[in-house]
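Here's the structure we're looking at; comments come further down.
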Amino acid sequence: FTHYYGGYKAQYIYRASELTALGLVEGSNISSLAFDVTTAGTTYTGFTLSLGLTSATVATTTFNTATLTQVYTGNYNVSATGLTNIAFGTGAGSSSTFTWDGSSNIVVNLCWSNNNGGGTAAEVKYDTTSFVAMAYYRVDSTLPAAVCSATSATTLSNRPKMVFGYNYSVPGTFL
């Protein structure tokens, strides 16, 4: 989340070991993500959020091409501070859940473009990671489709604080 440039794409790697430590298990259905917003007041145009399963353990200077499942698309208004939830299933073609297989890493992909030269940004809290967990691209005055199709990135060893909203069903047992 930054609007110092007019458009932005980012990918964040979450390792299976981290997801397991959070309590996710095979078959967990992720239905939302929340960011811990510290500065609000920005609307992001063409905001698209997608998740994918990947064997990649680090982000690289080439965006991960894992098969991504779109879970949100539309304009996203960051109007409040604190945990800001993004419910899945918003926008045409968006899935309401993403199922984790219990062993793969997850790549979270987001992109947007206000097709301008930047402005006031909504800021979120970040965590430093012990590995390269984030790849990003930023550009001015570019349409959302072009920003979202970018392939080259810059990397960092941090990522936004996120809360995964999930549930899973325990299979029944016949007696």
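The values are calculated or read from the model by the stated rules, or taken from the named source; none is laboratory data. The structure presented is a predicted model; accordingly, all values stated were derived computationally and were not measured. All Cβ positions, glycine included, derive from the backbone under ideal geometry; neighbour counts span all protein chains shown. Areas reflect the complete protein model, heavy atoms only, side chains present, ligands, DNA and RNA absent. Shrake-Rupley method; radii C 1.70, N 1.55, O 1.52, S 1.80 Å.
Rundown of residues vs (1) touching a strand residue (DSSP E or B) at 6+ places or on another chain (Cβ under 6 Å); (2) closer than 25 Å to T155 by Cα; (3) of a type in the set (S, T, N, Q), yes/no style:
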position	(1), (2), (3)
G7	yes, yes, no
L19	no, yes, no
I30	yes, no, no
T62	no, yes, yes
A66	yes, yes, no
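Hey, among A146, A150, A121, A135, which residue is over 20 Å from I30 (Cα atoms), among the small types (G, A, S) and within 13 Å of the chain's Cα centre (by Cα)?
Details: A146 fails: within 13 Å of the chain's Cα centre (by Cα); A150 fails: within 13 Å of the chain's Cα centre (by Cα); A121 fails: within 13 Å of the chain's Cα centre (by Cα).
Residue meeting the stated conditions: A135.
Looking only at residues in region 88-104 that are hydrophobic (A, V, I, L, M, F, W, C) and in a loop (DSSP other than H, G, I, E, B), which one is most open to solvent (accessible area, probe 1.4 Å)? Full working, then the answer.
Going residue by residue through region 88-104, those that are hydrophobic (A, V, I, L, M, F, W, C) are 88, 92, 98, 100.
Checking which are in a loop (DSSP other than H, G, I, E, B) leaves us with 88, 92, 100.
On the way: F88: 17, A92: 91, W100: 2 Å².
This residue is A92.
Which one is modelled with the lowest pLDDT among residues in region 15-27 that are open to solvent by 10 Å² or more (accessible area, probe 1.4 Å) and under 30 Å from G46 (Cβ atoms)?
From region 15-27, those open to solvent by 10 Å² or more (accessible area, probe 1.4 Å) are 15-18, 20-23, 25-27; that's our starting set.
Cutting the leftovers down to under 30 Å from G46 (Cβ atoms) gives us 15, 18, 22.
Values: R15: 98, E18: 96, L22: 91.
So, considering only residues that are open to solvent by 10 Å² or more (accessible area, probe 1.4 Å) and under 30 Å from G46 (Cβ atoms), the one modelled with the lowest pLDDT is L22.
Counting just the residues of region 39-58 that are open to solvent by 30 Å² or more (accessible area, probe 1.4 Å), at pLDDT 95 or above and of a type in the set (V, I, T), which one comes out nearest to A121 (Cα to Cα)?
V58
Hey, among N115, N75, N85, N109, which residue is touching a residue at least 24 places away in the same chain (Cβ under 8 Å), part of a loop (DSSP other than H, G, I, E, B) and not aliphatic (A, V, I, L, M)? Outline the logic, then answer.
Values: N75 fails: part of a loop (DSSP other than H, G, I, E, B); N85 fails: part of a loop (DSSP other than H, G, I, E, B); N109 fails: part of a loop (DSSP other than H, G, I, E, B).
Every option except N115 fails the conditions.
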